[in-house]
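**Q** Below is a structure I'd like to ask you about.
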Amino acid sequence: MLIVIFSVMLYHYIKITIFENIVQSLTIEAKNISAKPEIINLEYKDSKSFDLIKIVPNDDNLTRAEFVSTKDDNATYLTLYYPYKNDLLVLTKNTSEYSSIVDQILVDILIINATAIFLILFYALFLSRMLLAPLRSFCLKLGELNERFLQEVETDELPVEFKPLGDGVNRLIGRILTFVQYQKELFIGAAHELKTPLAVMKTKNEVTLIKERDSQKYIEALKNNNEAINQMNKMISSILEIGRQEGAQFEQPVMTDIIAYINEIGNNFLILAKGDDRNIKINLRPHSLKIMIQPTLFLHVLQNFVQNAIKFSPKEATIEINSTLINGEFIVRVIDEGIGIDESKDLFAPFKRYGNSSGAGLGLFLAKGAAQALGGNIELRNRTDRSGTIATFILPIRNNKYKKDKFI
């Protein structure tokens, strides 16, 4: 389209330039003749510049020069009507040669345009096919992936321009594989955790029913079964919590003053800790930090840290919640005074219980999933100054997926 517009403009520019020169020469000659009336008597019989020069009556009372273009079967002419005293000085010039040149220029431009457009289309089709060939091959590889046996796609044959695409797809496949692995571990663990107490309950019932016993034995058996049922209810509640957390990952991120939000939920933690004879100390920096975040997922992480700190800390212990902003990373720490952890074990695996407190063993598993969904990470390590654990949540601010932050 641009080529056509440029060509039309070029054609009109050439045409106007040529005929402006003719008009200018006719005007100059008319002025010269008007200044020397004796020239008119010569009638320009030998003139090579004009085909005709004459004087006619000024019947239309023209007061300024006018040009008229005419054409007959053999030639084209440009005629100047120039006011001369009470008459009109008429100068006519044959412009057939110039018109022919302009027409030929137009034909040449059309031919060049048609050729250029054809070459551009041919080159575009050829180049697009050549550029899209690796992409088509990559798409075929993706289409041949078996959802039951996912594996990363080879990207060695991809051009440099498509390498980021291949790497991004492989990262996505890696995340899917990790998610599937977590799901397998979760389902296997849930089946095992629910099957064991059910088997124990069944065995106790069968033993109790073998022979008649006094009422106290039946009451004891029922109490044991109720305890097992309560444990299974806790397990089922934890599994349902995983479903709720996965739904929270689709929560719309909102601009949140994360420091004010921690202070707000920290008041709830204070009440929870006081009920278990523990203390909460909050020390947050900076004073305000506004970022785009999913509050529910963040609450999952921080709440798990605090609940574990309360669970594993002795009575009258102080649990500290602090935050800081270092090199574009927002870091939240929950520091307790408990027994510490075994750093050699995988503390984030589902249904793994450590320490002397009961539970479903899904808290840290859920916290890690929520942290990863936020684009951050969590760490657990022992304190160096005394017994206790430091639970750390690290959230990149400058390079997180929202890239919209405000520091105050």
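**Q** Being at positive phi and either among the aliphatic types (A, V, I, L, M) or in contact with a helix residue (DSSP H, G or I) (Cβ under 9 Å, 6 or more places away or on another chain) (or both), is that true of even one residue in the range 325-335?
**A** no
**Q** Pairs please, first residue from the range 318-330 and farther than 18 Å from Ala371 by Cα, second anywhere and part of a strand (DSSP E or B), Cβ atoms under 6 Å, 6+ apart in sequence or on different chains.
**A** Thr318/Asn279; Thr318/Lys281; Ile319/Ile280; Glu320/Lys281; Glu320/Ile335
**Q** Also, I was wondering about something else. May I ask you to list the residues in the range 89-100 that are in contact with a Ser or Thr (Cβ under 8 Å, 6 or more places away or on another chain) and in a helix (DSSP H, G or I)?
**A** Listed by number, the residues that qualify are Ser96, Ser99.
**Q** Go through the range 274-302 and count every residue that is farther than 19 Å from Glu337 by Cβ and either open to solvent by 10 Å² or more (accessible area, probe 1.4 Å) or in contact with a Pro (Cβ under 7 Å, 6 or more places away or on another chain) (or both).
**A** 13
**Q** Just need a number here: residues in the range 70-87 that are open to solvent by less than 80 Å² (accessible area, probe 1.4 Å) and either of a type in the set (D, E, K, R) or more than 13 Å from Ile18 (Cβ to Cβ) (or both).
**A** 11
**Q** Another one. Can you tell me which residue within the range 15-29, out of those that are among the charged types (D, E, K, R) and more than 55 Å from the chain's Cα centre (by Cα), is surrounded by the fewest Cβ atoms within 10 Å (Cβ to Cβ)?
**A** The residue in question is Glu20.
**Q** Turning to a different aspect of this structure: Checking Val153 against (1) open to solvent by 80 Å² or more (accessible area, probe 1.4 Å); (2) over 21 Å from the mean Cα position of the chain (by Cα): exactly one of these is not met. Which one?
**A** It fails just one condition, (1).
The rows are residues; the columns are (1) of a type in the set (A, V, I, L, M); (2) assigned to a helix (DSSP H, G or I); (3) within 24 Å of Thr178 (Cα to Cα).
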{"residue": "Val102", "(1), (2), (3)": "yes, yes, no"}
{"residue": "Thr115", "(1), (2), (3)": "no, yes, no"}
{"residue": "Leu119", "(1), (2), (3)": "yes, yes, no"}
{"residue": "Leu125", "(1), (2), (3)": "yes, yes, no"}
{"residue": "Leu131", "(1), (2), (3)": "yes, yes, no"}
{"residue": "Leu142", "(1), (2), (3)": "yes, yes, yes"}
{"residue": "Glu154", "(1), (2), (3)": "no, no, yes"}
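**Q** Considering only residues of the range 156-181 that are assigned to a helix (DSSP H, G or I) and of a type in the set (A, V, I, L, M), which is farthest from Gly369 (Cα to Cα)?
**A** Ranking the candidates gives Val160 first.
**Q** Tell me, yes or no, whether the range 294-311 has at least one residue that is farther than 25 Å from Gly369 by Cα, touching a residue at least 40 places away in the same chain (Cβ under 8 Å) and not in a loop (DSSP other than H, G, I, E, B).
**A** no
**Q** Still on this model: What is the residue count in the range 88-119 for residues that are surrounded by 14 or more Cβ atoms within 10 Å (Cβ to Cβ) and over 18 Å from Ile14 (Cα atoms)?
**A** Selection size over the range 88-119: 7.
**Q** Could you list, in sequence order, all residues of the range 328-351 that are open to solvent by 50 Å² or more (accessible area, probe 1.4 Å), outside any strand (DSSP E or B) and either of a type in the set (A, V, I, L, M, F, W, C) or modelled with pLDDT of 95 or more (or both)?
**A** Hit for the range 328-351 is Ile339, nothing else.
**Q** Report whether or not Val102 is within 26 Å of Asn21 (Cβ to Cβ), without any contact (Cβ under 8 Å) to a residue 40 or more places away in the chain and of a type in the set (A, V, I, L, M).
**A** no
**Q** If you don't mind, another one. Hey, among the residues in the range 309-327 that are more than 14 Å from Gly275 (Cα to Cα) and open to solvent by 50 Å² or more (accessible area, probe 1.4 Å), which one's farthest from the chain's Cα centre (by Cα)?
**A** Here the residue is Phe312.
**Q** Filtering the range 251-273 down to residues that are open to solvent by 30 Å² or more (accessible area, probe 1.4 Å), over 12 Å from Ile321 (Cβ atoms) and touching a strand residue (DSSP E or B) at 6+ places or on another chain (Cβ under 8 Å), which residue is modelled with the lowest pLDDT?
**A** Going through the qualifying residues, I end up with Val254.
The values are calculated or read from the model by the stated rules, or taken from the named source; none is laboratory data. All values derive from a computational prediction rather than experimental measurement. Methodologically, a virtual Cβ is constructed for each residue, glycine included, from the backbone with ideal geometry; neighbour enumeration extends over all protein chains shown. Heads up: the accessible areas ignore ligands, DNA and RNA and are worked out on the full protein's heavy atoms, side chains in. Shrake-Rupley method; radii C 1.70, N 1.55, O 1.52, S 1.80 Å.
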